[in-house]
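Chemist: Can you read through this structure? Questions will come right after.
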Amino acid sequence: MDNKKNTLTTGFGIPVGNDQNSLTAGENGPVLMQDVHLLDKLSHFDRERIPERVVHAKGAGAGGYFEVTSDVSKYTKANFLSEVGKKTEVFVRFSTVGGEKGSADAARDPRGFAVKFYTEEGNYDMTGNNTPVFFIRDPLKFPDFIHTQKRHPATNCKDANMFWDFLSLTPESIHQVTILFSDRGTPASYRHMNGYSSHTYKWYNEDGDYYWVKYHFKTDQGIKNLTGKEAEKLSGSDPDHATRDLYESIQNGDYPTWTLQMQIMTPEEAENYRFDITDITKVWPHEDFPPIDIGKLVLNRNPENYFAEVEQAAFSPANLVPGIGISPDKMLQARVFSYHDTHIHRLGPNYNLIPVNRPKNSPENSYQRDGFMRVDDNGGSGPNYWPNSFNGPEPNESVLEPPFEVSGMAARTEYTHPNDDFVQPGNLYRDVMDDEAKQHLVKNIISHLSGAIERIQLRQAAIFYKADSDYGTKVAEGLGLDINTVEELANMSHEERVNATS
Ligand code: NDP
């Protein structure tokens with residue numbers, strides 16, 4: 001903060017003579033309505049809070065840049081990725097998901113990892129998480145899923161029955177649940193975790209060839225996690241630990257960096273692959289699609305003002321640049337609507353004009369006009385319709401995404417490989433986790449699932465068992481459940497298991 005003397009004004013720039021004593025009738029008399037400075041100050045204060053994000057409410061952010069380190073021009077014509085050494089300014093926001101704006105940074109929860117690239121072709125947002133998969137793969141389930149992570153309608157407390165009832169009725173969640181309850185569910189800080197697009201995206205090149213891709217921002221600080229105990233303690237003693245850690249490390253010149261790696265797949269490979277490569281509950285195994293280094297993300301600038309930049313930052317997977325498109329991933333298809341929609345609710349229809357959201361390297365040149373908080377020249381005296389013959393901006397066909405084929409019957413159908421749901425979480429438990437990681441996972445699950453009623457515990461334990469019998473057995477033992485019942489439930493179809501435990 002600057003200590004130099006300068007004159008205080010009202011919100012309208014009028015000098016203020018006294019900011020300690022309200023205008024009263026007589027020395028200790030009632031306050032007068034004509035104290036316009038008091039009224040202005042109070043009425044603005046009354047409106048200081050904007051709606052908090054329904055998800056990802058608690059977050060921290062920083063600015064920096066992205067630098068290309070490998071030539072990927074054969075895969076995408078995105079200008080910001082066009083040559084090695086090219087740098088693009090970014091703003092990044094990290095967050096927890098389920099808690100309110102004042103909740104603890106150490107909560108067991110996925111972490112948001114959203115990157116805004118201020119490219120010369122407009123803003124490109126990569127809105128990922130620190131997990132490569134998600135709990136559900138159909139957006140119709142999303143509001144229900146989030147309700148179960150929030151507060152009980154009657155008690156207004158978090159509720160283990162809601163949480164596990166939904167997840168055990170939605171077995172596609174098992175992969176993400178396994179990651180969430182591993183120590184990766186409580187990262188030591190925002191600097192010590194990876195960021196994944198989770199979704200499959202499309203890249204297309206100048207010739208119109210396209211590829212399916214997944215983004216992996218790998219932390220150069222190394223993965224560091226908290227144990228369940230450490231996270232619980234920190235939640236009480238220092239609920240803002242990750243927010244402060246990010247700010248202080250940048251302030252001290254210890255800039256966090258991530259290496260961007262891509263997994264890239266041709267349409268032919270996707271066609272013949274053993275599962276649907278747009279299913280967000282699955283990863284692409286590294287062995288089949290080795291990630292390749294393509295760039296570096298560096299955070300070297302703290303926000304001057306938290307509200308102006310971090311709270312008002314608005315990311316959307318719909319913000320794509322030429323060369324990058326979306327895949328048929330059903331969750332992604334819904335997110336391209338929902339993010340924009342929620343920002344309009346939270347920040348108003350002109351949120352793209354707020355400095356942190358403004359396309360600063362490719363100024364807006366559209367026919368959008370008016371609306372609350374239109375704070376620029378609103379298009380001046382230029383035409384506000386298209387087509388026009390007054391030299392208004394015109395579409396440029398060269399930026400169109402190449403046409404792509406769609407086929408099939410319109411229907412409400414499941415993803416086509418549901419039986420694979422247990423393969424990858426099973427591999428994660430068996431092949432990736434060492435004994436200590438497995439112990440922590442099981443302990444973390446037991447400590448949370450023990451808060452649910454027995455029939456829900458049985459249903460969920462059966463799902464762990466389906467992923468791996470040792471995994472399910474250890475959870476069942478820790479909860480004191482009858483292991484034969486768990487095994488029986490695991491061998492049932494989903495419908496039978498639901499009937500037997502409802
Ligand atoms: P690999 O052995 O090649 O990859 C295993 C990866 O697992 C590691 O590279 C690391 O990902 C990640 N990992 C390590 N510990 C944990 C943990 N406690 N929780 C979550 N992830 C962890 O095998 P595959 O590619 O065949 O994947 C095997 C399993 O690993 C998957 O089923 C999935 O659960 C998990 N995984 C896979 C990723 C992928 O994109 N293939 C990404 C992340 C997890 P990282 O290098 O990204 O840190």
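Just so you know, all these numbers are worked out from the coordinates, no wet-lab data involved. For clarity, every value in this text was computed on a predicted model and none was experimentally measured. When we count neighbours, we look across all protein chains shown, and the Cβ atoms used for this are built from the backbone with ideal geometry, even at glycine.
Chemist: If you rank Arg374, Arg53, Arg369 by fewest surrounding Cβ atoms within 10 Å, what's the result? Write out the running numbers ahead of the final one.
Modeler: Numbers: Arg374 15, Arg53 20, Arg369 12.
So the ranking, lowest neighbour count to highest, is Arg369, Arg374, Arg53.
Chemist: What's the FRET efficiency of Asn18 with Lys74 using the Cβ-Cβ distance as r and R₀ = 51 Å, to the nearest 0.05?
Modeler: Details: r = 68 Å, r/R0 = 1.33.
That pair, Asn18 with Lys74, gives E of 0.15.
Chemist: Name the residues whose placed amide hydrogens come within less than 5 Å of the amide hydrogen of Thr69, ignoring near sequence neighbours (fewer than 5 apart) on the same chain.
Modeler: Amide H neighbours of Thr69: Gly85, Gly295, Lys296.
Chemist: OK, next. Pairs of Cα atoms under 8 Å, at least six residues apart: use those to get the relative contact order of the stretch 423-500, whole percent.
Modeler: Relative contact order comes out at 29 percent.
Chemist: Please arrange Met492, Met126, Met433, Met331 by how many other C-beta atoms lie within 10 Å of their C-beta, fewest to most. All intermediate terms of the calculation are to be shown ahead of the outcome.
Modeler: Numbers: Met492 15, Met126 26, Met433 18, Met331 22.
Ranked by crowding around the Cβ, least crowded first: Met492, Met433, Met331, Met126.
Chemist: When the Cα centres of the stretch 418-490 and the stretch 261-278 are compared, how far apart do they sit, in Å?
Modeler: Going from one Cα centre to the other spans 30 Å.
Chemist: Pulled fully out, how much extra length does the chain show between Thr413 and Glu120, if you take 0.36 nm times their separation in residues and subtract their Cα-Cα distance?
Modeler: Working: separation 293, 0.36 × 293 = 105.48 nm, distance 3.99 nm.
Taking 0.36 nm per residue and subtracting the Cα distance, the gain is 101.5 nm.
Chemist: Also, quick follow-up: Based on other C-beta atoms within 10 Å, arrange Glu454, Glu304 from fewest to most.
Modeler: Details: Glu454 13, Glu304 8.
Ranked by crowding around the Cβ, least crowded first: Glu304, Glu454.
Chemist: Right, something else. To the nearest 0.05, what FRET efficiency results for Asn6 and Ser398 with a Förster distance of 41 Å applied to their C-beta separation?
Modeler: Working: r = 50 Å, r/R0 = 1.23.
About 0.25, to the nearest 0.05.
Chemist: Mean Kyte-Doolittle of at least -0.5 plus a Cα span of 18 Å or more along the axis: flag which DSSP H helices in the chain meet both, please. Display every interim value, and only then the final one.
Modeler: Working: long enough: 330-347 (26 Å, -0.53); 435-449 (21 Å, -0.43); 454-467 (20 Å, -0.26).
The qualifying helices are 435-449, 454-467.
Chemist: If you don't mind, another one. Calculate the length of the line joining the C-alpha centroid of the stretch 66-96 to that of the stretch 127-170, in whole Å.
Modeler: What the calculation gives is 33 Å, centre to centre.
Chemist: Given the stretch 86-188, what percent of its DSSP beta bridges are antiparallel, to the nearest 5?
Modeler: Working: 16 of 17 bridges.
Among the beta bridges of the stretch 86-188, antiparallel pairing accounts for roughly 95 percent.
Chemist: If you take the beta carbon distance between Val54 and Asp254 as r and set R0 to 35 Å, what does 1/(1 + (r/R0)^6) give as a FRET efficiency, to the nearest 0.05?
Modeler: The calculated FRET efficiency here is 0.55.
Chemist: If the limit is 23 Å between Cα atoms, which of Lys229/Lys296; Lys296/Lys360; Lys5/Lys58 go over it?
Modeler: Working: Lys229/Lys296 33 Å; Lys296/Lys360 21 Å; Lys5/Lys58 35 Å.
The answer is Lys229/Lys296; Lys5/Lys58.
Chemist: Hey, what's the Kirkwood Rh for the stretch 6-129 if you take every pair of different alpha carbons, in angstrom? Don't skip to the end; give the middle numbers.
Modeler: Details: mean 1/r = 0.0518 Å⁻¹.
Mean inverse Cα-Cα distance, inverted, gives 19.3 Å.
Chemist: What nm value, rounded to one decimal, do you get for the distance between Tyr273 and Tyr65 when each label is placed 7 Å out toward the C-beta?
Modeler: The modelled label-to-label distance comes out at 3.4 nm.
Chemist: In addition: For the residue pair Glu495 and Glu304, what label-to-label distance in nm results when each label sits 7 Å from Cα along the Cα-to-beta-carbon direction?
Modeler: For Glu495 paired with Glu304, the spin-label model returns 6.3 nm.
Chemist: Please report the spacing between the Cα centers of the stretch 195-256 and the stretch 362-406 in Å, no decimals.
Modeler: 34 Å
Chemist: Give the aspartates and glutamates whose C-alpha is closer than 16 Å to that of Lys214, dropping any in the same chain fewer than 8 places away, or say none.
Modeler: Here the aspartates and glutamates satisfying the reach criterion relative to Lys214 are Asp125, Glu269, Asp276, Asp279, Glu287, Asp288, Asp293, Asp329.
Chemist: Extension gain Val84-Asn391, at 0.36 nm per residue separation less the Cα-Cα distance, in nm? Can you show the working numbers first?
Modeler: Numbers: separation 307, 0.36 × 307 = 110.52 nm, distance 3.62 nm.
Fully extending the segment from Val84 to Asn391 adds 106.9 nm.
Chemist: Shifting gears a bit: Each label point is 7 Å from the Cα along the Cα-to-Cβ direction; what then is the distance between the points at Leu32 and Asp470, in nm?
Modeler: Each label point is offset 7 Å from its Cα along the Cβ direction, giving 8.2 nm.
Chemist: Normalised by the number of residues in the chain, what is the relative contact order in percent for Cα pairs under 8 Å and 6+ residues apart? Write down the numbers at each step before the final one.
Modeler: On the way: 887 pairs, mean separation 82.9, N = 502.
This gives 17 percent for the chain.
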